[in-house]
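The values are calculated or read from the model by the stated rules, or taken from the named source; none is laboratory data. Keep in mind that what you see is a predicted model, and the values were worked out from it rather than measured. Please note: Cβ atoms are built from the backbone with ideal geometry, for glycine as well, and neighbour counts cover all protein chains shown. We work out accessible area using only protein heavy atoms, side chains counted, and drop any ligands, DNA or RNA first. Shrake-Rupley method; radii C 1.70, N 1.55, O 1.52, S 1.80 Å.
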Amino acid sequence: MGIEVNFEGKIALVTGASSGLGARFAKVLAQAGAQVVLASRRIDRLKELRAEIEADGGAAHVVALDVTDYASIKSAIAHAETEAGQIDILVNNSGVSTTQRLVDVTPDDYSFIMDTNLRGAFFVAQETAKRMIARAKGDPKKQHRIINIASVAGLRVLPQIGVYCMSKAGVVQMTKAMAVEWGKYGINTNAICPGYISTEINEDYFASEQGRKLVDLLPRRRPGKPEDLDGLLLLLAGEDSHFINGAVISADDGMTAM
């Protein structure tokens, strides 16, 4: 038996969609037939991505979203549903990091990371879930999907990014809590924990001497590519994941197995 990937009629909200993994997630869901709502602070980049998706025959909408601003979260999700329709799938992807030793972390550094990676991710999921729950009460068979993008850094400590690790560990536990509380409303909440993935943001680092040394420590001495997450994304976003809830799945080429 084969598994069909068809998201026609589905609305997917992707946060942090202006670059990197977020942009890839949006393209993949659009190619599978979903209408995607692209959300981030960088509207110009989102408009460029929308044009790419539409040129490939997909459908996309753009909304401004600052996940560190609670009012912006509420406004963006309301705008998304007004513009595109009721959200079926949330890909909760926004994230930031800094590189430093823990003894050098300032309160501003700490807030910068936590406000986006954990607080922002929580309130985006919460505001989306409120709407999903209201719909589920009217239609108990309604299915929704929330995919939180965590990191292998939430499962093991990586050097120089301790606060980022802490924030993503919080996303892991947040995912489990949401799965337990919201599962009865037909909301499946799961987390993807990517390993080192090469994107336009970090590809120069992986090409540097320090980056190559890091890659040499990986089981198969290679970083991943954004497309390496496509299959997992489509599985968790689709109807065939109806029995997958509260899962925290590493996509890291064996890194956390070391």
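Quick notes on this structure:
- Cα extents for the range 11-250 along the principal axes, largest to smallest and rounded to whole angstrom: 54, 39, 34.
- Spatially proximal aspartates and glutamates relative to residue 141 (Cα-Cα < 15 Å; intrachain offsets below 8 disregarded): 88, 239, 240
- Maximal additional length on extending the residue 5-residue 19 stretch stands at 2.6 nm, based on 0.36 nm per residue less the C-alpha distance.
- The residues of the chain expose, per residue, 49 Å² of accessible area to a 1.4 Å probe.
- Subset of 10/47; 10/137; 10/225; 184/225 violating a 29 Å alpha-carbon distance limit: 184/225
- Within the accessible area of the range 11-250, the carbon and sulfur atoms contribute 51%, probe 1.4 Å, all protein chains present.
- Note on exposure: 252, 240 ranked by accessible area (1.4 Å probe, complete protein assembly) read 240, 252, with the most exposed listed first.
- When each of the peptides 107-117, 203-213, 7-17 is scored by the mean number of other C-beta atoms lying within 10 Å of its residues, the order from highest to lowest reads 7-17, 107-117, 203-213.
- Interatomic Cα distance distribution for the range 158-224, bins of 5 angstrom, percent: 3, 14, 17, 18, 15, 11, 9, 7, 4, 1
- With DNA, RNA and ligands ignored, accessible area of residue 228 (1.4 Å probe; Å², nearest 10): 100
- Efficiency of FRET from Cβ geometry, residue 247 and residue 220, R₀ 25 Å, rounded to 0.05: 0.60
- Each principal axis of the Cα cloud of the range 75-144 was taken in turn, and the coordinate range along them, longest first, works out to 51, 23, 15 Å.
- Per-residue extension of 0.36 nm, minus the Cα-Cα distance of residue 45 and residue 142, leaves a gain of 31.6 nm for this segment.
- At an R0 of 35 angstrom, the distance between the Cβ atoms of residue 204 and residue 102 translates into a FRET efficiency of 0.85.
- For the range 186-258, a Kirkwood hydrodynamic radius built from all Cα pairs, placed in the Stokes-Einstein relation at 25 °C and 0.890 mPa s, yields a translational diffusion coefficient of 180 µm²/s.
- Placing unit charges on the Cβ atoms only, positive for Lys and Arg and negative for Asp and Glu, gives the chain a dipole magnitude near 660 debye about its Cα centre.
- Residue 156-residue 258 pseudo-label distance in nm [points 7 Å out on the Cα-to-Cβ vector]: 0.6
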